[in-house]
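The values are calculated or read from the model by the stated rules, or taken from the named source; none is laboratory data. Given the structure is predicted, the values throughout are model-derived calculations rather than measurements. Backbone-built Cβ (ideal geometry, glycine too); neighbour counts: all protein chains shown.
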Amino acid sequence: MSFFRNTVWFIKGLKEYTKGGYTSASKDFKASDLDVDITGRSYMITGANSGIGKCTALAIAKKGGTVHMVCRDPKRGAEARQAVEEESQNQNVKLHILDISKPRDVARFAQNFISSGKPLNVLINNAGCMVNTRTVSSEDGLERNFSTNTLGVHMLTSAMIPLLSKQEKSRVIMVTSGGMLVQKLNGSDLQFEKMNPFDGTMAYAQNKRQQVVMTENYAKMYPNIHFSSMHPGWADTPAVRSSMPDFYEKMKTRLRTAEEGADTLVWLALSESVHTFDSGLFFQDRKPVSTHLPLAWTRSTKEEETTFMEKLDSISQQFLVESPDS
Ligand SMILES: NC(=O)c1ccc[n+]([C@@H]2O[C@H](COP(=O)([O-])OP(=O)(O)OC[C@H]3O[C@@H](n4cnc5c(N)ncnc54)[C@H](OP(=O)(O)O)[C@@H]3O)[C@@H](O)[C@H]2O)c1
């Protein structure tokens, strides 16, 4: 089954996820969708110093929004923040340092942001990684792909719900990957202890499936916030070059630019028309698309999803830090 799924997925990718796929899909885009003034609205973007995240931060800053760039490396973050500020001429571009793979830091960061009294309209969970050797943090015992792509995202999103709920038409956007189409949710091996041999590409695809399931479940849990997940296509970014060197070598002439990869993310963050779609959907090139390949047996049951979400909550609980007021 996995050979069938992978083959069908790759053929689909060649047609839809490449630069050619973007060029073809973009003929239907409405330029007026991005003709918005978002002055006064506030956007938080994780992994905003590079690739798709940086392009998105810049596009939002150019439209006048307040941008909170969440980056793990102080130097790379500061350089990116300055570049975004200079190119957009927007003075409301802020930098926050956070390694999202560190759950205690995620909890502390969220708490500090909330106590600062700043509003938040849109949260963009963009930071992501594909670590090809199974790596477990000595600090908290968590496998790195899981802690970055799934647990950190869940903790940040859950912590920000009360803040987002205070705003009209608030949104959460998850940058997932079409790679998730080859995986069924597996909530019984969150840290890939039973994956033998360990395969970073499949661990990443599993995390990206988890993000789609999380988005669908958040949409049901929090009807006052609009949730969506999206696939950028195959875009030329540092992550693709460093984590998938063979794929990059084969595909480099056919990859989208980072801006093209960011297009649907920017559209989901800015366009008013997003609210005409149900919450919880998965988007590709500004359209909702299926979260499953035909005949791929990747659908999970409600019980499997509930158990998965409960496990995330239970692991998160271990890392919550005490509030300074308590
Ligand atoms: N490019 C594609 O073809 C493609 C396809 C499907 C999905 N995606 C998704 O798109 C998103 C953006 O990736 P990209 O392609 O734009 O790659 P990128 O340019 O390498 O960006 C990844 C960003 O995530 C940050 N990040 C990674 N681990 C982090 C951590 N522990 N804490 C905080 N930030 C962290 C990186 O920070 P550093 O600079 O410090 O490493 C970087 O800013 C990812 O979620 C990726 O899975 C990309």
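If you take the residues of region 1-31 that are out of contact with any helix residue (DSSP H, G or I) (no Cβ under 9 Å at 6 or more places or on another chain) and aliphatic (A, V, I, L, M), which of them is modelled with the lowest pLDDT?
The residue in question is Met1.
Conditions (1) surrounded by 15 or more Cβ atoms within 10 Å (Cβ to Cβ); (2) within 12 Å of the ligand (Cβ to nearest atom); (3) touching a residue at least 60 places away in the same chain (Cβ under 8 Å), marked per residue:
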residue: Lys15; (1), (2), (3): no, no, no
residue: Ser24; (1), (2), (3): no, no, no
residue: Ile45; (1), (2), (3): yes, yes, yes
residue: Thr56; (1), (2), (3): yes, yes, yes
residue: Gln111; (1), (2), (3): yes, no, yes
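Could you check, for region 271-294, whether at least one of its residues is closer than 18 Å to Gly53 by Cβ, within 13 Å of the ligand (Cβ to nearest atom), more than 19 Å from the chain's Cα centre (by Cα) and not β-branched (Val, Ile, Thr)?
Within region 271-294 (the criterion being closer than 18 Å to Gly53 by Cβ, within 13 Å of the ligand (Cβ to nearest atom), more than 19 Å from the chain's Cα centre (by Cα) and not β-branched (Val, Ile, Thr)), the answer is no, since none of the residues qualifies.
Only residues that are among the acidic types (Asp, Glu) and either closer than 21 Å to Lys12 by Cβ or in contact with a Cys (Cβ under 6 Å, 6 or more places away or on another chain) (or both): list them for region 250-291, please.
Within region 250-291, Glu259, Glu260, Asp263, Asp285 qualify.
In region 140-151, what count of residues is obtained for those that are touching a Phe, Trp or Tyr at 6+ places or on another chain (Cβ under 9 Å) and either more than 14 Å from the ligand (Cβ to nearest atom) or under 20 Å from Cys71 (Cβ atoms) (or both)?
Here the count works out to 3.
Pick from Arg76, Arg134: which is in contact with a strand residue (DSSP E or B) (Cβ under 7 Å, 6 or more places away or on another chain), basic (Lys, Arg) and surrounded by fewer than 19 Cβ atoms within 10 Å (Cβ to Cβ)?
Answer to the check: Arg134.
How do the strands (runs of 3 or more DSSP E) wholly within region 32-140 filter down when requiring 3 or more residues that are of a type outside the set (A, V, I, L, M) and either at pLDDT 95 or above or under 22 Å from Glu259 (Cβ atoms) (or both): which remain?
Because the criterion is at least 3 residues that are of a type outside the set (A, V, I, L, M) and either at pLDDT 95 or above or under 22 Å from Glu259 (Cβ atoms) (or both), the strands (runs of 3 or more DSSP E) in region 32-140 that meet it are 42-46, 66-71.
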